[in-house]
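Single-structure report; data block below.
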Amino acid sequence: GENVEQHPSTLSVQEGDSAVIKCTYSDSASNYFPWYKQELGKRPQLIIDIRSNVGEKKDQRIAVTLNKTAKHFSLHITETQPEDSAVYFCAASKGKDSSYKLIFGSGTRLLVRP
Amino acid sequence: GAVVSQHPSRVICKSGTSVKIECRSLDFQATTMFWYRQFPKQSLMLMATSNEGSKATYEQGVEKDKFLINHASLTLSTLTVTSAHPEDSSFYICSAAGQPYGYTFGSGTRLTVV
């Protein structure tokens, strides 16, 4: 079945450094890859997403890269700040639109040390 | 933007009783609703997918007679946890999908069964 693996499970960086989180997916039909930030007890918040017809997307300090051949995608956060500390989840879906289920990775707990 | 209202935010119930959780899409028609469960420090695990007017499709290992899902209208879906037990204690969160919006998450329900 569909599976999304995420690494690392925890990541600690110094403020100002970069953070990279990686995910791999099993279903080659997957075509939509969002990243979510979740703070304790709250709903996941979409921070960036990418579709399979694009290799890279950037939004200020956040970027996502996708390698369809290798079936993996990564989240890059530059110039990290303490408020970036949270749990980050990658996800994958293979629908043409959001009517198809999202499968989540296991999550990465990011700690940005001041 | 799209808003999904989820209630209650917290509920404590006695073992053996049933609890109903509601998700409403406030400003769009949710043709599909996803229900997730999240245990502490774990990922969001998809429980079921429901389309308006149809029976829900449950993920493997999820008991459909225990977790009753109703999606009778384009703006309301409910999850009823029947005969709840302490092991059902978790964070339950819905995600609504409907044009022109993507996945929109509810705020989640913290269920504690005592």
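Only the coordinates and a few stated rules stand behind these numbers; no lab work does. Just so it is clear, the model here is predicted, and its values are computed rather than measured. Neighbour counts are summed over all protein chains in view; Cβ atoms, including those assigned to glycine, are modelled from backbone coordinates with ideal geometry.
Miscellaneous remarks
- Mean separation of Cα pairs under 8 Å and 6 or more residues apart, divided by the residue count, gives region B:20-74 a relative contact order of 29 percent.
- Stokes-Einstein diffusion coefficient of the protein assembly as shown, Kirkwood radius over Cα pairs, 37 °C, 0.692 mPa s, in µm²/s: 181
- A quarter of the convex hull surface defined by the alpha-carbon atoms of region B:34-73 gives 3.0 nm² as the mean projection.
- Stokes-Einstein diffusion coefficient of region B:1-43, Kirkwood radius over Cα pairs, 25 °C, 0.890 mPa s, in µm²/s: 191
- Within the protein assembly as shown, B:CYS13 have no other Cys Cβ under 4.7 Å of their Cβ and so lack a disulfide-compatible partner by this rule.
- Note, ³J(HN,Hα) from phi for region B:104-114, Karplus 6.51, -1.76, 1.60, rounded to Hz, x at Gly and Pro: 10, 8, x, 7, x, 10, 8, 9, 10, 10, 10
- Centre separation in Å (Cα based) which lies between region B:70-110 and region A:58-111: 23
- Alpha-carbon Rg with Dmax, taken over region A:1-40, Å: 13.0, 39
- Other protein chain C-beta atoms within 10 Å of residue C-beta, averaged over A:30-37: 1.
- Of all the options B:THR57, B:THR82, B:THR17, the one that moves most in a Gaussian network model of chain B with Cα springs shorter than 10 angstrom is B:THR17.
- Using the Stokes-Einstein relation with a Kirkwood hydrodynamic radius computed over Cα pairs, the translational diffusion coefficient of chain A at 25 °C and a viscosity of 0.890 mPa s comes to 174 µm²/s.
- Subset of A:LYS58/A:LYS101; B:LYS14/B:LYS66; A:LYS37/B:LYS14; A:LYS37/B:LYS66; A:LYS37/B:LYS55; B:LYS20/B:LYS55 violating a 22 Å alpha-carbon distance limit: A:LYS58/A:LYS101; A:LYS37/B:LYS14; A:LYS37/B:LYS66; A:LYS37/B:LYS55
- Counting neighbouring Cβ atoms within 10 Å and putting the fewest first, the residues A:THR78, B:THR32 line up as A:THR78, B:THR32.
- q = 0.16, 0.20 Å⁻¹, chain B: log10 I(q)/I(0) [Debye, one scatterer per Cα]: -0.66, -1.03
- Neighbour cut-off at most 12 other Cβ (10 Å), DSSP loop, trypsin sites (Lys or Arg not before Pro), region B:37-108: B:LYS41, B:LYS55
- Among beta bridges from DSSP that stay inside the protein assembly as shown, the antiparallel ones total about 90%.
- Most to least packed among A:62-74, A:83-95 [average Cβ atoms within 10 Å]: A:83-95, A:62-74
- Net length gained if the chain between A:SER9 and A:LYS58 were fully extended (0.36 nm per residue, minus Cα distance): 15.3 nm
- Across q = 0.18, 0.24 Å⁻¹, region A:8-75 modelled as identical point scatterers on its alpha-carbon atoms has Debye log10 I(q)/I(0) values of -0.76, -1.19, in the order of the q list.
- Of B:SER54, B:SER77, B:SER25, the residue with the greatest mean-square motion in the GNM of chain B, using alpha carbon springs below 10 Å, is B:SER54.
- When each of the peptides B:10-16, A:45-51 is scored by the mean number of other C-beta atoms lying within 10 Å of its residues, the order from highest to lowest reads A:45-51, B:10-16.
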